[in-house]
Amino acid sequence: DRTVIVSTPGFTSGILTLKGRVDRRSLFNFFNNNMARDNWSVISQIKSPGTTIMVYQKASRTGVITIRDEQIYTYVEVGIAPTVNSAAGFAEPDMTESTLME
């Protein structure tokens, strides 16, 4: 019920949510190995006691993987979206002071 997939001509993006009884460290290792194998570059990784966030990038898309431990289950959210400055129809936002003040 938390999974959202959006398909447009030439691109599919969304958030896939999974839950199971899996060790968070083994999930981290799984994604770390397999994302590299699929030619994703590591942008950032954050580990805290209950949550791990992994950010990856390819030429035209960015992926964010969040792994959360809860009492019984471990939850994984895998989000894939077009990189803003490379997606068709998207432009980089104008971050000048005049536009921010409007």
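Using the Karplus curve 6.51 cos²θ - 1.76 cosθ + 1.60 with θ = phi - 60°, work out ³J(HN,Hα) for each residue of the range 26-31 in order, rounded to whole Hz, and write x for Gly and Pro.
Couplings: 5, 5, 4, 4, 4, 5 Hz.
Between Lys47 and Asp69, what is the label-to-label distance in nm when each label sits 7 Å out along the Cα-to-Cβ direction?
Computed distance between label sites Lys47 and Asp69 equals 1.1 nm.
Using each residue's phi in the range 4-20, evaluate 6.51 cos²θ - 1.76 cosθ + 1.60 at θ = phi - 60° and report the 3J(HN,Hα) Karplus result to the nearest Hz, with x for Gly and Pro.
Each residue of the range 4-20 in turn: 9, 10, 10, 10, 10, x, x, 7, 10, 9, x, 10, 9, 10, 10, 9, x Hz.
How large a share of the accessible area of the range 1-58, in percent, is made up of carbon and sulfur atoms when the probe is 1.4 Å and the other protein chains stay in place?
54 percent
Counting only residues 5 or more places away or on other chains, whose amide H sits under 5 Å from the amide H of Thr74 once H atoms are built in the peptide plane?
Excluding prolines and chain starts, which carry no amide H, the hits are Gly20, Arg21, Val22.
The values are calculated or read from the model by the stated rules, or taken from the named source; none is laboratory data. Computed from a predicted structure; not experimentally measured. Cβ sites come from the backbone with ideal geometry, for glycine too, and all protein chains shown count toward neighbours. The accessibility values were calculated without ligands, DNA or RNA, using every heavy atom of the protein model including side chains. Shrake-Rupley method; radii C 1.70, N 1.55, O 1.52, S 1.80 Å.
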